[in-house]
Amino acid sequence: MSKLVPCMWFNGDAEEAAKFYVSLVPNSEITHVQRNVSDGPSGKTGSVLVVEFTVAGQPLVALNGGMKMEYTHAISLMIHCDDQAQVDSVWNAFIAHGGKEEQCGWLRDRWGVAWQVVPKVMFEFLTSSDKAAAARAMQAMMKMVKLDVAVLRQAFEGKSAA
């Protein structure tokens, strides 16, 4: 069966980006590096053309396309984090390496790729049969930059912040 594998466009630093991405979470690795077989828009013979890698088990491809392309929010990559410690670790790694914070758990990495760093519990909150609790969690999230599990939980449970 066919797989859907997102391909990310870079201008000469696809391998550097892939190495950074695989450093973020467990179950991530570079699986193949394809080099240019001749000179072309994407680089000289022997330079990196394509990097195949996985982040948290999700296959991705990084392509050195030969020119700078801008990313938009029309598509983003979401990392489901196990807990606040993982949210903090992933978020801080992005920011420390040139990323820029946005709102509601979103950020841009140094290459301009939009990422969402989201604790898994957020999905439990938002899909709860208690619609008032889900709405409180959503409203709390809308006021955040990096998501805070404790504050989200307090909102979900209807408790005021201490």
Rounded to the nearest 5, what % of DSSP beta bridges with both residues in the chain are antiparallel? 65
0 to 90° range, to nearest 10: angle between helix 84-96 axis and the chain longest Cα axis: 40
GNM on the chain, C-alpha springs below 10 Å: top fluctuator among Lys19, Lys131, Lys120? Lys131
Would you list, by chain and number, the aspartates and glutamates whose Cα falls below 15 Å from the Cα of Lys143, excluding same-chain residues fewer than 8 positions away? Glu101, Glu102
Distance between the C-alpha centers of segment 9-58 and segment 67-112? Whole Å please. 18
Residues of type aspartates and glutamates that Lys100 reaches as a straight line, Cα spacing below 16 Å, ignoring anything fewer than 8 places off in the same chain: Glu70, Asp88, Asp109
7 Å from Cα along Cα→Cβ at both Thr72 and Met142: what's the point-to-point distance in nm? 2.4
From the coordinates shown, P(r) over Cα pairs in 10 Å bins from 0, in percent corresponds to which of (1) 10, 34, 30, 17, 7, 2, 0; (2) 9, 25, 24, 17, 12, 11, 4, 0; (3) 11, 44, 36, 9, 0: (1)
Ranked from highest to lowest mean number of other Cβ atoms within 10 Å per residue, what is the order of the peptides 63-70, 79-86? 79-86, 63-70
Sort 26-32, 99-105 for me by packing, meaning the mean count of neighbouring Cβ atoms within 10 Å per residue, highest on top. 99-105, 26-32
Along the charge dipole of the chain, pointing to its positive end and built from +1/-1 on Cβ of Lys, Arg, Asp and Glu, which listed residue (Trp91, Phe156, Val33) has its Cα farthest out? Phe156
If the cut-off is 16 Å between C-alpha atoms, which aspartates and glutamates fall inside it for Lys3, apart from same-chain ones fewer than 8 positions away? Glu52
Other-chain or far-sequence residues with amide H under 5 Å of Cys81's (modelled H): Val118, Lys120
Please tell me the relative contact order of the chain in percent, rounded to the nearest whole number, where contacts are Cα pairs under 8 Å and at least six residues apart. 18
Run the helix sum for the chain: -39,500 (n - 2.57) per DSSP H stretch of 4+ residues, divided by residue count, reported at 222 nm to the nearest 500 deg cm²/dmol. -9000 deg cm²/dmol
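All of the numbers you see were taken from the coordinates with simple rules; none came from a lab. These numbers were taken from a predicted model, which means no experiment stands behind them. Cβ atoms come from the backbone with ideal geometry, glycine included; neighbour counts cover every protein chain shown.
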